[in-house]
Amino acid sequence: MDRRSFIALTGATALSTTLPRMAHAADATKITLWHAMGGRLGEVVNEIATRFNADQSAAMLEPAYKGGYEDTLTSVIAAFRAGEHPNIAQVFDAGAATIIGAPGAVAAAEDLLAETGVAFDPNDYIDGVRYFYADSAGKMIGMPFNSSTPILYYNEDALKKAGVTPPKTWEEFQEIAPKLKEAGYVPLAQSHLPWIFTENFFSRHNLQFATNNNGFDGAEGTKLLINTPEIKMHFARVKEWLDAGLFGFYGTGWNDNQAAFETGKAAMWLGSSGSFGGLLKSTNFPFSATFLPYWKEITEQPYSTFIGGAALFALSGKPAEENRATAEFFKYLSSPEIQYYWHKETGYVPITKAAYEMAKMDGHYERFPAAEIGILQLNERAGEWTRGYRLGYYVQIRDVMNREYGRIFSGETDVDTAFATIESEANALLDRFARTTG
Amino acid sequence: MKSAQFDSRFGPYLLLLPQMAVISIFFLWPAAEAVWASFFLEDPFFGTRVFVGLENYVTALTSDDYARAAWFTVIFTAVVTLATLGIGMWLAVAADNVLRGNNTYKTLLMWVYAIAPPVAGLIGVMLFDQHIGPLVDFVALFGHEMQVGVSWWDTAIAMMIVASWKQIPYTFIFVLSGLQSIPNSVREAAAIDCRSSIRRFWTVIFPLLAPTTFFLMIVNITYALFETFGIIDLMVKGEPGNNPKTLVYKVYLDGFRGNDLGGSSAQSVILMILVLALTIVQFRLIERRIHYS
């Protein structure tokens, strides 16, 4: 972690405990939200809470920062078992199976809104967002909140210096990368191998990621389809790029890789559409963004990517008036104004069509064309396998991937062995998970 | 001395009670819970359990990842224990010989001990940062590009350095007080018999320090095994990736990050057995050869 984000983080923690409490009313129904939004993102969450509390007097939302995504999920589970859980928990994509797979732990967002009489129409939401946190019947369980997708950021100066344009495909990348290297840059870095180079690799090329309909049809017997030719080809090429100095790898940590781009060392960087707001502040060169590249040799035209990020889950076992307040907050959160504010400040994708229209009308994308890339990519053509995935113990499976990918890059293992290992360890974990829920 | 010191038969038990209560609540009860949980697969939210017998143990002991973690734990513990003992003892002997400004040296050498492990880890993260770390720049002078978080060995070495650095002052304090308890007459007698101060150290001083050294060895092994958690967690930045990890850190990863409570419990029971075995070996074999005066 660099110093800046550390200070931002501690600052946000301090703020999150003081700010929203200043607003008011003793008789309002208090509800709590545990989230994983540090730094600038945490400040925006606090601002939304403050606005919500000021906007109405029946409910009062107290957000609390609980660390990273994994830490937040762990805190929520521990609190749930002790019966002291928050009303709302932010759970990330990889943890979705854990929380949705525990029937009775969550009150489905769609039911909650319907029961409390808050108007709700699933068609208000953009397609990619609607399915990821839904059950196999399409009912929305989690309330999409910070939705993001991996996109390619590039340093405009660097590309100009090398005389190249940003690549649409990996084939084009292979053409331009040597020129960027010659111009003195590390051509490409990325921040999350399982998310960007694995899950979204499958989605971008419309490849099946797991049996049982990518895991949506149930945990039992679900197998990961990772030991397959396309992704092995991709990693073999990435390893070649790394050895040739066309790709930089700075470890599993997100920030170490983002720093390579921010310091001007790397010319291009694959990160989250939600990184946009932070990059505006942390870079001192002009940058823009484009779509996640794909292999033309696998598909002529690309497919949409998975939605990443996290959703808000209303936890069960709370009094009716608190659930009502939660539903009110969900409604407030998906209002176009708040969605647009959130999108503008952070770069996360607006989850409703109305908010997207509002951003367009306001001229946001004329000012920042890069801010629209995420939503345009999510709105690309859908395929059979672009809806998402639902896999248990997925945090550990990602750790297995990260470990083996690191070993490929350091030369400790080769691509064939690594993917065979990931396949067997991931399937063993999926099998264990199926038995905990069975 | 009178043989009957208690009027009632229950007196001694009553006095033991507070201590036993503490041990039961903070050790025996959680340990029993862990043993029990290790035979089940558990759903994290509701704690519904499926009995799986010894499967969690078999899974752990047959996994490559566990073997790698065990291997690293052995190296890490050996290096950290020996480095802290060696350097701490050397510094203590050196400080003991200093005549002028003695207290200043001692204070300077001790105060690192006041740093909490997570803070030490954070300092380590900054010193070894790939982009801005001064120690990385220093190593680069010798032609090695140090990549903590990418290269397994670079990360391992950085962890060992930070973990040792944090524990050296503790060793220093104990060895120094051990040195000061050695009577001057013994030193003077040795000085008459032998001119080499190094030989005098190994033949006279070091054996007299044996009880302290033995105690420190146990404490430092325990430290390296269990108390380095905060340092490791910070240095890997919460992402295990292809970084080295100790067995204790793996218990945390599987249990608290991965929510596999049964598997994690089995691993902690294995650790408990290891520590028990280690303690027995230490006290039975090593202590026999050491004489407390």
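Miscellaneous remarks
- Options A:32, A:50, A:74: the member that is part of a strand (DSSP E or B), open to solvent by 10 Å² or more (accessible area, probe 1.4 Å), polar (S, T, N, Q) and modelled with pLDDT of 90 or more: A:32
- From A:206, A:200, residue being in contact (Cβ under 8 Å) with a residue 24 or more places away in the chain, part of a helix (DSSP H, G or I) and among the polar types (S, T, N, Q): A:200
- Residues located in the range A:182-197, provided they are buried (at least 23 other Cβ atoms within 10 Å of the Cβ) and assigned to a helix (DSSP H, G or I): A:193, A:195
- Some residue of the range A:378-385 being under 17 Å from the mean Cα position of the chain (by Cα) and more than 12 Å from every other protein chain (Cβ to nearest Cβ): yes
- Unique match (being of a type in the set (Lys, Arg), in the same structural domain as residue A:311 (by TED's automatic domain parsing) and surrounded by fewer than 17 Cβ atoms within 10 Å (Cβ to Cβ)) among A:139, A:179, A:232: A:139
- Sole residue being within 17 Å of the chain's Cα centre (by Cα) and away from chain B (no Cβ under 14 Å), chosen from A:371, A:359, A:355: A:371
- Extreme residue, farthest from the other protein chains (Cβ to nearest Cβ), among residues of the range A:386-399 that are open to solvent by less than 10 Å² (accessible area, probe 1.4 Å) and not hydroxyl-bearing (Ser, Thr, Tyr): A:388
- Matching option when the condition is within 10 Å of chain B (Cβ to nearest Cβ) and either in a helix (DSSP H, G or I) or closer than 20 Å to residue B:255 by Cα (or both), among A:412, A:423, A:404: A:404
- Residues satisfying the stated conditions in the range A:249-290, i.e. in contact with a Lys or Arg (Cβ under 7 Å, 6 or more places away or on another chain) and within 18 Å of residue B:133 (Cβ to Cβ): A:253
- Pair list, Cβ under 7 Å, 6 or more apart: the range B:122-151 residue on the phi < 0 side of the Ramachandran plot, other residue open to solvent by 60 Å² or more (accessible area, probe 1.4 Å) and of a type in the set (Ser, Thr, Tyr): B:131/A:263
- Subset of the range B:43-57 [facing chain A (nearest Cβ under 7 Å) and not in a loop (DSSP other than H, G, I, E, B)]: B:50
- Some residue of the range A:193-212 being modelled with pLDDT under 95 and on the phi > 0 side of the Ramachandran plot: yes
- Test: residue in the range B:243-260 that is touching a Pro at 6+ places or on another chain (Cβ under 7 Å) and either within 14 Å of another protein chain (Cβ to nearest Cβ) or open to solvent by less than 10 Å² (accessible area, probe 1.4 Å) (or both): yes
- Evaluation of residue A:96 against (1) in a helix (DSSP H, G or I); (2) within 11 Å of another protein chain (Cβ to nearest Cβ); (3) open to solvent by less than 40 Å² (accessible area, probe 1.4 Å) (one fails), failing number: (2)
- For the range B:32-42, a tally of residues being exposed (fewer than 14 other Cβ atoms within 10 Å of the Cβ) and away from chain A (no Cβ under 14 Å) returns 2.
- Contact map, the range B:248-263: residues that are closer than 16 Å to residue B:236 by Cβ paired with residues that are of a type in the set (Gly, Ala, Ser) and open to solvent by 20 Å² or more (accessible area, probe 1.4 Å), Cβ distance under 6 Å, separation 6+ or inter-chain. Pairs shown: B:251/B:268.
- Tally of residues being free of Cβ contacts under 8 Å to residues at least 24 places away in the same chain and of a type in the set (Val, Ile, Thr) across the range B:95-121: 4
- In the range B:223-242, the residues that are touching a residue at least 60 places away in the same chain (Cβ under 8 Å), open to solvent by 40 Å² or more (accessible area, probe 1.4 Å) and within 16 Å of the chain's Cα centre (by Cα): B:227, B:229, B:233
- Inspection of the range A:53-60 identifies at least one residue that is open to solvent by less than 10 Å² (accessible area, probe 1.4 Å), under 23 Å from residue A:328 (Cβ atoms), outside any helix (DSSP H, G or I) and of a type outside the set (Ser, Thr, Tyr).
- When residues of the range B:131-150 are limited to those that are over 10 Å from residue B:235 (Cβ atoms) and crowded, with 21+ Cβ neighbours inside 10 Å, the one farthest from the other protein chains (Cβ to nearest Cβ): B:146
- Residue in the range B:266-281 that is in contact (Cβ under 8 Å) with a residue 40 or more places away in the chain, surrounded by 18 or more Cβ atoms within 10 Å (Cβ to Cβ), closer than 30 Å to residue B:58 by Cα and within 14 Å of chain A (Cβ to nearest Cβ) present: yes
- Test: residue B:191 is more than 14 Å from chain A (Cβ to nearest Cβ), farther than 30 Å from residue B:128 by Cα and of a type in the set (A, V, I, L, M, F, W, C): yes
- Residue in the range B:248-264 that is among the β-branched types (Val, Ile, Thr) and farther than 30 Å from residue B:151 by Cβ present: no
The values are calculated or read from the model by the stated rules, or taken from the named source; none is laboratory data. Since we're looking at a predicted model, the values are computed, not measured. A quick note on method: Cβ atoms are made from the backbone with ideal geometry, for glycine too, and the neighbour counts reach across all protein chains shown. Only protein heavy atoms, including side chains, enter the accessible area calculation; ligands, DNA and RNA are left aside. Shrake-Rupley method; radii C 1.70, N 1.55, O 1.52, S 1.80 Å.
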